[in-house]
2 protein chains.
Amino acid sequence: MKAKVRILDMYSGRYSVFINEKEAKKAKLHPDDLVKIEAGKKTVYGSVVISSLIKEGEVGVSKDILQLHSFSEGELVTVLPSGAPESVRYIKKKMRGEKLRKVEIETIVKDIVDRKLRDIEISSFVTSLEINGLDMDEIAALTIAMAETGDMLDIDRKPIMDVHSIGGVPGNKTNILVVPIVAAAGLTIPKTSSRAITSAAGTADVVEVFAEVSFSLDEIKRIVEKIGACMVWGGALNLAPADDITIKSERALSIDPTGLMLASIMSKKYAMGSQYVLIDIPTGKGVKVETVDAARALARDFIELGKRLGQYVEGAITYGGQPIGHTVGPALEAREALSALMTGTGPGSLIEKATGLAGVLLEMGGVAPAGMGKKMAREILESGKAYQKMREIIEEQGGNPDIKPEEIPVGDKTYTFTAPTSGYITGIDNRAITGIARAAGAPEDKGAGLELYVKVGEKVKEGDPLFTIHAESEARLDQAIVFARRTEPIRIEGMVLQRIGNI
Amino acid sequence: MKAKVRILDMYSGRYSVFINEKEAKKAKLHPDDLVKIEAGKKTVYGSVVISSLIKEGEVGVSKDILQLHSFSEGELVTVLPSGAPESVRYIKKKMRGEKLRKVEIETIVKDIVDRKLRDIEISSFVTSLEINGLDMDEIAALTIAMAETGDMLDIDRKPIMDVHSIGGVPGNKTNILVVPIVAAAGLTIPKTSSRAITSAAGTADVVEVFAEVSFSLDEIKRIVEKIGACMVWGGALNLAPADDITIKSERALSIDPTGLMLASIMSKKYAMGSQYVLIDIPTGKGVKVETVDAARALARDFIELGKRLGQYVEGAITYGGQPIGHTVGPALEAREALSALMTGTGPGSLIEKATGLAGVLLEMGGVAPAGMGKKMAREILESGKAYQKMREIIEEQGGNPDIKPEEIPVGDKTYTFTAPTSGYITGIDNRAITGIARAAGAPEDKGAGLELYVKVGEKVKEGDPLFTIHAESEARLDQAIVFARRTEPIRIEGMVLQRIGNI
């Protein structure tokens, strides 16, 4: 049927196509049927909503569609029913545990990006991957297909470095130090990061405290070619868009199939043109990867996948058993990172990890001799060159380069937990710390989070402060206090761990 | 948030809950988030659509919700975000290949019916079942949970018989003869059937040619207690509603996991109070069950499941290698079935199968001695008693009991295919026959379908008619002709099947 477009001011989380009741009946269309809208060279797939609010001769489109496709009010289009996408056959092949060919994976990814596959099919694909897995041939094909169905960047300033943390450790503002150190050494590092999904602050959330993080690929190219670095939000770009779609199913099911995780991370690096990639794999209780053996296996997978993509990849297994530094939450972390860059010093865990990772990158990029990377990274940090590079990044990204840590506003509703007993800190629960910061409002409330005064192994006396919660409202502060009381974020034990009485 | 209900005239295929942009931001709700609407004792789950078309203080609900829940315009309700449903954990357990406990299956089914689980989770469940399967304990728990989360019928006229065909054979109007034969013998048989999904005519589509098929459970109870039988559409009832929801995923993925298929069929029988159930398993090339071994295994599963449900079940493996009778399509099949009931004769395949199945039921129900059921069924058919019962059914279901076969309108746009060569009919392709009838417009166009003049094994001469396509419009007739030419619905071979030349 031919129809005039009516743009409907709504976001449904899918491409919704509204059709008049009578016309739907005539065309034998039912709610949620897949249809395609054709106009000139563009074809857009969507899900039918039947409504008498739409007149005959009209077709309503939800604004979700306009995020990637342009339609104008009154534009004449053709709406056609669409059969089952071919790629469903390949999803079924994976259900049967068979290996997918390159072209089959490409078809699945293309159909995901084109929205020909919807929640049902994508969830089935993700579930099949969780159960039956992917081998390295399939992962490489998936990675390349995910990158090539989105936008790709070609930065004219080589070599291009990248660093990615698998995540899970609260307070991990490390890369905010790593990027300026590496760029200050003359290497190129166009860092894209995500916002927090389950954590209290993603790198993009922290950087946003200083500067803008949403840029187009052209703007990123200009910035990076000028100063060698950026720290932007990947989500604003059309990098590996299939990943942004499949993640919805992964999140609803709280699964993260290994092959898909590898492809998700590496497709974005591939799209950004990264040549040398360092994967930081925090390892310990309460993070994604709990054992060193699992971390090693994962590192090997990244390295092997890198080879297939023509990238040189290294993995760094880092200690993830407790938070990094002393702060958790966007503004508090921004303060701590900025302070470390300005003074060249800071909490041991932050400085050691940042210079360690930066050092590996300096060696990978050929600007530091083998074994000398970390020393060079520390010199760059202490000399103020990294801070100078950070100022350039902030300025190019539209922030105020003169900002001081103490000028960054943090939540002024605070509550401090103290040690109920004397003893040693025997454990800090990553998940509980993240939970408290989120209960306090992080990452949406930039000023929310917490300051930690103790680390594992330290001795405390009864009444010593353990951590202070910051929130922007009393209500969120109360929520965080309640959450903190329900969990045991910090464990204190005497040297006598157990007392055995007379038997 | 508190809000006044606004009923939106639309069907989206899901429970859509429209929320104003500002309020969504305040409540941190995103498109497609799960929310619950609470009003008094009722709680309804739905998916967020964010729209400035809805005012602050209002919440829009799509009409999909009103099919099972009552809301009035302006009713004051509370809208709350809903966390991830507990049952996702059990779906993940099945992903890992573990056995589910009864209470876990009950929770999944309840969450499906409550719409707490949506496409993503349901598709993941269905995919996990396809890959990892269910054992009989799990299937029994699933069957009972599916029945008990819907409406159930208690007919005061025992014993209650039922017959179900697994389907896949074109032209299978058999049960339209079986039901009146069984009821004429004094047994009770409240038959619910489906409309065609992938076939050219479901039993409900054919019956609808004579009479209404949509009735409430109360009406069904009244009809069956009066005349001992009905032939209604199960889809209009709230029998095992979880099945109606999961089928959406199965259809999109074109999978039908065995455990779910068993539960789907038997939950409806259980809800109808059936005590004696005969499962017709057509077997042959081009139907769901291709080999006798597979049919036997399936029959054993049905029998075992019946035992768990307190039902006596038998399986009948029937020949499904070619269409039943000579007609395919609702009106054409209705003509053939009615004619057989009126005259007591008809195509061998139809009469043999119908009296065979009815005979088994007569023996199961204790009205025929062992081994005498088929003979008794044939007598009931030939005596006109089955036709008399059919007239009662038609009358009670609001149709015209005096209708004659030739009065049933069939598509008047016709085209006849003839034998291109002389020889023997060596094969009739079920899938091609169904495809032709559907291309001609069946099952929506009641008069569309085809008449078959030949059966496997028969001898034909070049130019003999093979089949006539009926359609209600020239356009559909053309589509069916094109489809027929592309396939090889009827295979004719000489006695010399292959000619080997000089090597």
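The values are calculated or read from the model by the stated rules, or taken from the named source; none is laboratory data. Keep in mind it's a predicted model, so treat the numbers as computed, not measured. Positions of Cβ are generated from backbone atoms using ideal geometry, with glycine treated the same way; all protein chains shown enter the neighbour counts. The area values use the complete protein model at the heavy-atom level, side chains included, leaving out ligands, DNA and RNA. Shrake-Rupley method; radii C 1.70, N 1.55, O 1.52, S 1.80 Å.
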Exercise for review: Tell me the distances, shortest first, between B:K461 and the same position across the other copies, using label points 7 Å along Cα→Cβ, in nm to one decimal.
Suggested key: 11.7
Study note, to complete from the structure: Rounded to the nearest Å, the spacing of the alpha-carbon centers of segment B:19-86 and segment A:296-311 is 45
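State to the nearest 20 debye the size of the charge dipole of segment B:413-493 about its Cα centre, where the only charges are +1 on K and R beta carbons and -1 on D and E beta carbons.
Values: 11 positive and 12 negative charges, 27 e Å.
That gives a dipole near 120 debye.
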Exercise for review: Over all directions, average the projected area of the Cα convex hull of segment A:2-81 and note it in nm².
Suggested key: 4.4
Exercise for review: Mind listing the long-range amide H neighbours of A:H470? Cut-off is under 5 Å, sequence gap 5 or more, other chains count too, H placed in the peptide plane at 1.01 Å from N.
Suggested key: A:G449, A:L450, A:E451
Check your understanding: Given N residues in chain A, what is Rg(Cα) / (2.2 N^0.38 Å)?
Key -> 1.08
**Study point:** Magnitude of the charge dipole, segment B:86-133, Cβ model with Lys/Arg +1 and Asp/Glu -1, debye to 20
**Key:** 180
Point to revise | Solvent exposure, largest accessible area first (probe 1.4 Å, DNA, RNA and ligands not counted), of A:T78, A:T143, A:T416 | key: A:T416, A:T78, A:T143
Exercise for review: Go through A:I112, B:M266, B:A386 and say which Cα lies farthest out towards the positive end of the charge dipole of the protein assembly as shown; charges sit on Cβ, +1 for Lys and Arg, -1 for Asp and Glu.
Suggested key: B:M266
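Classify segment B:206-268 as rounded, prolate or oblate, taking a ≥ b ≥ c as the square roots of the eigenvalues of its Cα gyration tensor: rounded when a/c is under 1.5, otherwise prolate if a/b is larger than b/c and oblate if not.
Values: a/c = 2.63, a/b = 2.03, b/c = 1.29.
Since a/c reaches 1.5 and a/b is larger than b/c, the shape of segment B:206-268 is classed as prolate.
Probe radius 1.4 Å, ligands and nucleic acids left out: which of A:T487, A:T198, B:T258 has the largest accessible area, and how do the rest follow?
Ranking A:T487, A:T198, B:T258 by accessible area, largest first, yields A:T198, B:T258, A:T487.
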Practice item. Work out how far the C-alpha atoms of segment B:314-473 reach from end to end along every principal axis, then list the three figures in whole Å, largest first. Key: 50, 37, 25
Exercise for review: Could you check what % of the DSSP bridge pairs in the protein assembly as shown are antiparallel, to the nearest 5?
Suggested key: 55
Exercise for review: Please say if segment B:161-405 is rounded, prolate or oblate, where rounded means a/c under 1.5 for a ≥ b ≥ c the square roots of the C-alpha gyration tensor eigenvalues, and otherwise the choice is prolate for a/b larger than b/c and oblate otherwise?
Suggested key: rounded
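Quote the FRET efficiency, to the nearest 0.05, computed for B:K307 versus B:R101 with a Förster distance R0 of 25 Å and r equal to the Cβ-Cβ distance. Kindly include the intermediate steps, with their values, before the conclusion.
Values: r = 20 Å, r/R0 = 0.81.
E between B:K307 and B:R101, to the nearest 0.05, is 0.80.
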**Study point:** Quarter of the Cα convex hull surface for the protein assembly as shown, i.e. its orientation-mean projected area (nm²)
**Key:** 52.3
Practice item. Show A:E395, B:E333, B:E219 ordered by accessible area, largest first, where the area counts protein heavy atoms only and the probe is 1.4 Å. Key: A:E395, B:E219, B:E333
Check your understanding: Pairs A:K116/A:K221; B:K158/B:K268; A:K28/A:K92; A:K93/B:K173: which exceed 23 Å Cα-Cα?
Key -> A:K116/A:K221; A:K28/A:K92; A:K93/B:K173
Revision key, fill the gap. Label model pair A:E474, A:N238: point-to-point distance (7 angstrom along the Cα→beta-carbon line) in nm is 4.9
Practice item. Quick one: work out Rg over Rh on the C-alpha atoms of segment A:405-503, Rh as Kirkwood radius. Key: 1.07
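Counting Lys +1, Arg +1, Asp -1, Glu -1, what net charge surrounds A:S216 among other residues with beta carbon under 13 Å of its beta carbon? Display every interim value, and only then the final one.
Working: positive: A:K221, A:R222; negative: A:D151, A:E212, A:D218, A:E219.
Spelling it out: positives minus negatives among the neighbours equals -2.
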Revision key, fill the gap. Listed by chain and number, the residues whose amide H is under 5 Å from that of A:V289, excluding neighbours fewer than 5 places away on the same chain and using placed H, are A:G284
Exercise for review: Compute the label-point distances linking A:D293 to its equivalents in the other copies; points lie 7 Å from Cα along Cα→Cβ; give nm, one decimal, shortest first.
Suggested key: 4.0
Study note, to complete from the structure: Expressed in square angstrom to the nearest 10, the accessible area of A:T418 with a 1.4 Å probe stands at 70
Exercise for review: List every residue whose amide H lies under 5 Å from the amide H of B:A196, counting only residues 5 or more places away in sequence or on a different chain, with H placed 1.01 Å from N in the peptide plane.
Suggested key: B:G202, B:D205
**Study point:** B:F210 - accessible surface, heavy atoms, 1.4 Å probe, Å² rounded to 10
**Key:** 10
**Study point:** Close Lys-Lys pairs in segment B:368-476, where close means Cα under 22 Å and separation is 8 or more or interchain
**Key:** 9
Practice item. Work out the length of the dipole vector of segment B:161-405 about its Cα centre, built from +1 on the beta-carbon of each Lys and Arg and -1 on the beta-carbon of each Asp and Glu, and round it to the nearest 20 debye. Key: 280
**Study point:** Accessible area of the protein assembly as shown belonging to carbon and sulfur atoms, whole % at 1.4 Å probe
**Key:** 50
Exercise for review: Answer with one residue from A:T174, A:Y90, A:G133: the one whose Cα lies farthest towards the positive end of the charge dipole of segment A:75-179, charges on Cβ with Lys, Arg +1 and Asp, Glu -1.
Suggested key: A:G133
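Once the Cβ-Cβ distance between A:I197 and B:I197 is put in as r, and R0 is 35 Å, what FRET efficiency do you end up with, to the nearest 0.05? Numbers along the way, then the final one.
On the way: r = 39 Å, r/R0 = 1.11.
Rounded to the nearest 0.05, the efficiency is 0.35.
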Check your understanding: What is the spread of the Cα atoms of segment A:86-133 along each of their three principal axes, largest first, in whole Å?
Key -> 25, 21, 13
Exercise for review: For segment B:56-209, list log₁₀ I(q)/I(0) at each q in 0.09, 0.10 Å⁻¹, using the Debye formula over Cα point scatterers of equal strength and ignoring solvent, two decimals each.
Suggested key: -0.49, -0.60
Point to revise | Teacher prompt: A:R157 distances to equivalent labels in other copies, 7 Å Cα→Cβ, nm | key: 8.6
Revision key, fill the gap. Short to long, in 5 Å steps from zero, the percent of alpha-carbon pairs of segment A:354-400 per bin is 5, 25, 22, 19, 15, 10, 4, 1
Exercise for review: For B:K25, go through the aspartates and glutamates and keep the ones whose alpha-carbon is under 15 Å away, minus same-chain ones fewer than eight residues off.
Suggested key: A:E444, A:D445, B:D33, B:E56, B:E58
